[in-house]
Amino acid sequence: MKFFKLLILCSSFSLAQRVDKDLEAFRKVENEVKNNLTEEIIKINDNFFMIKPIKGVAGNIGVFISDKGLVLVDDQWEIIEDLILETIYSISKKDISFIINTHFHYDHVDGNKAFGKKGIPIISHENVRKRLKRKTKLYGHPQHNYNMVQDKYPDFALPTTVYNSTMKIYVEDEEIQLLNFGPGHTDGDTIVFFKNNNVIHAGDSFVTYGYPYVDLNDGGSFSGFINVLSQIIAISNEQTKIIPGHGPVCNVGDVITLKNILQEHYDITEKGFIEGLSVEQIMAKIKSELQGPGNIAKEDFITNIIYDLKTN
């Protein structure tokens, strides 16, 4: 009997070691965020602000102020809850009415674990809730041995309201449109359009750090990503303020520029793949290139498109 108990304890210890090892990359990023990240407040108009992270991997937070309370779009990290709340309350002392998740990736919604404990409603596409309910290995660039695993979320951190393709939420005079245009960055992306304020929070469906990351393990699609950019352009005008998942506040011209560059990359890569060209040969045919602080090089991006074409 003692041997049996010892065997169970050893097995449990081994399992704990394995689980901890799975999350090593996540814990490393989390620790860097805890030690280095600061926040910058960007005023878009009297009712809308963006919280932009500095020196840390985290998504931009959108803050809409109504008479009844605050609406947040994304919530960054649980481990910096105090910093996030301090930043939010320097904008407004109102209570948080609800939070919208743009997708399920940890650097945008890990804060669900903090705000969900407070009973704050969380809204997302239905696939966000599905993916947060299980441990997930995000797509990595094979050539870089990327190995990011996101652990499953506790029940209190899951979205409490979900939708399928579109949803409208009315907060006083503001119409908040939640729009899913199919697979793109993931299979559960939400474009959040505050119609009367003419502000869009795009999550990682639009970023400014260079070549965008497409999570092919979790329903992402390169052709779909380009389609979502086209849809953002379609609902925008020259006055629309567009909050990217990462980077400064942008306008529709910035989205058009990214869309055109990615379209060229995709079309030439697809044609070259069909013709049996090498990555180097395809690269030579693509004249445009994206610059930025991101870690995805042009060669990586083309390789990942080819992987997408092979598997989907």
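No value in this document is a laboratory result; all are computed from the given coordinates. All values reported here derive from a predicted model rather than from experimental measurement. With ideal geometry, Cβ positions are generated from the backbone for all residues, glycine too; neighbour counts draw on all protein chains shown.
A compact table of results
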{"quantity": "Simple label model, 7 Å out from Cα along Cβ direction - GLN263 to LYS152, nm", "calculated": "4.3"}
{"quantity": "Least to most buried among SER236, SER66 (fewest other Cβ within 10 Å first)", "calculated": "SER66, SER236"}
{"quantity": "Sites LYS118 and ASN217, calculated FRET efficiency, Cβ-Cβ separation with R0 30 Å, nearest 0.05", "calculated": "0.45"}
{"quantity": "Top of LYS195, LYS55, LYS287 by mean-square fluctuation, Gaussian network on the chain, Cα under 10 Å", "calculated": "LYS287"}
{"quantity": "Förster-model FRET efficiency, 35 Å R0, ASN312 and ARG27, C-beta, rounded to 0.05", "calculated": "0.65"}
{"quantity": "Check: segment 12-311 dipole with +1 on Lys, Arg Cβ and -1 on Asp, Glu Cβ, in debye", "calculated": "520"}
{"quantity": "Solution diffusion estimate, µm²/s, Stokes-Einstein, the chain, Kirkwood Rh from C-alpha pairs, 10 °C, viscosity 1.306 mPa s", "calculated": "78"}
{"quantity": "Kyte-Doolittle mean at least -0.5, axial Cα span of 15 Å or more - DSSP H helices of the chain", "calculated": "2-22, 81-91, 222-234, 252-275, 298-311"}
{"quantity": "Cβ-based net charge around TYR139, under 14 Å, with every Lys or Arg adding one and every Asp or Glu removing one", "calculated": "-3"}
{"quantity": "Computed [θ] at 222 nm, deg cm²/dmol, the chain (DSSP H ≥ 4; -39,500 (n - 2.57); rounded to nearest 500)", "calculated": "-11500 deg cm²/dmol"}
{"quantity": "Distant-in-sequence amide H partners of MET167 (H built 1.01 Å from N, under 5 Å)", "calculated": "LEU178"}
{"quantity": "Relative contact order %, the chain, counting alpha carbon pairs below 8 Å whose residues are six or more apart", "calculated": "12"}
{"quantity": "Other-chain or far-sequence residues with amide H under 5 Å of ASN295's (modelled H)", "calculated": "none"}
{"quantity": "Cβ-based exposure ranking for THR186, THR160, THR208, in which fewest neighbours within 10 Å come first", "calculated": "THR160, THR208, THR186"}
{"quantity": "Estimated FRET transfer efficiency (GLU175, THR38; beta-carbon r; R0 25 Å; 0.05)", "calculated": "0.15"}
{"quantity": "Segment LYS287-LEU85, length gained on full extension (0.36 nm per residue, minus Cα span)", "calculated": "68.2 nm"}
{"quantity": "For segment 87-102 and segment 190-264, distance of Cα centres in Å", "calculated": "23"}
